[in-house]
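**Student:** One structure coming up, written as structure tokens, with questions to follow.
Derivation of every value follows stated rules applied to the coordinates shown; laboratory data play no part. Remember, predicted model here, so these are calculated numbers, not experimental data. All Cβ positions, glycine included, derive from the backbone under ideal geometry; neighbour counts span all protein chains shown.
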Amino acid sequence: MIASVSTLLFSTSTFAAQRVVFTYNIFRESVSVDELTSFAETGEASPRLNYYLNQTSQDPQTVRNILTQELNASPVVLDRVLNNPIGEFLLDRISQTIRTPSNRANRQALRSAIVLSASKDNRVSLIEILQNYPTTEVYVEGDRLAATYNQLSILIEGLQNVLGKR
């Protein structure tokens, strides 16, 4: 298990998302991960991100909170959780919102991004997952972002508690 986590950490460190493509119904807008990171850290949206938020009637503060809300998570426990049928089911659900450009290998890409995010400080946030996503672009269904955060929270906190009691 530790070997799979360390392999995961080293194999994905050279490949990370550079752009996030937000879709909202028929609307689509691409922003750099740097723009999104700056917004998450400062609350200042780039003109492109601001345009997207306005066009989709998204509250900037709500989006920022969703991006930066941290969940405590051990990478070793996450590796165990995400490699069992329940974890894979939840990864598949979350992958309907956060996915690869080709819409293939979504589960594996998301698992990699989540575990890598937790490896730095035993915490996971949505902005870290996007930063660590192992493709140059990551697609995000903007209208499902809040629901996805809730699913991620359930995945990490709920299953971690169950596995922690074994």
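**Student:** Label 7 Å along Cα→Cβ of residue 141; the stretch 25-56 residues with amide nitrogen under 14 Å?
**Tutor:** Counting only backbone N, you get 25-27.
**Student:** A follow-up question, please. Figure the gain on full extension for residue 93 and residue 34 (residue separation times 0.36 nm, minus the Cα-Cα span) and round it to one decimal in nm.
**Tutor:** 18.6 nm
**Student:** Continuing with the same structure: Over the stretch 2-164, what portion of Cα pair distances is larger than 24 Å, expressed as a whole percent?
**Tutor:** 28 percent
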